[in-house]
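Working notes for the structure below.
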Amino acid sequence: MSENKRSFLKDFVYGFILLLPMLYVLSIGPVSGYLHTPSGLRADVSPEAIARLKSFYAPVNWAVNSNDSLMIIAGKYAQFWHRIL
């Protein structure tokens, strides 16, 4: 493998690894928009799935709940997804 291809592959892998945490944090918006309806939580989602999602997003929820600025941003982001979905 040439040096240019190796360098490109290394940069791609590093970029992808750095992108994963951002995608994790941003994914809470569409999930929230899907799960919540105007009348409450969707009836077709099992309580076990809700519990797993709460566990999966616990670090994001902790960060948002411990910072007022993040709480405002997260609220607007969730509202954005609720309107779309």
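Summary of values
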{"read-out": "Extended-chain gain in nm, criterion 0.36 nm per residue less alpha-carbon gap, residue 46 and residue 58", "value": "2.5 nm"}
{"read-out": "In degrees, nearest ten, helix 68-84 long axis to first principal axis of the chain (Cα)", "value": "80"}
{"read-out": "Highest-fluctuation residue, 13, 64, 45 considered, GNM on the chain with Cα pairs under 10 Å", "value": "13"}
{"read-out": "Helix 3-26 axis, angle to the chain major axis (alpha carbon atoms, nearest 10°)", "value": "10"}
{"read-out": "Residue with peak Gaussian network fluctuation, the chain [Cα springs, cutoff 10 Å], from 55, 27, 46", "value": "46"}
{"read-out": "Residue with peak Gaussian network fluctuation, the chain [Cα springs, cutoff 10 Å], from 50, 73, 17", "value": "17"}
{"read-out": "³J(HN,Hα), Karplus 6.51/-1.76/1.60, whole Hz, each residue of the stretch 40-45, x for Gly, Pro", "value": "x, 6, 4, 7, 8, 9"}
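Quick note: the coordinates plus some simple rules give every number you see, no bench work behind them. Fair warning: this is a prediction, and the values are worked out from it, not measured in the lab.
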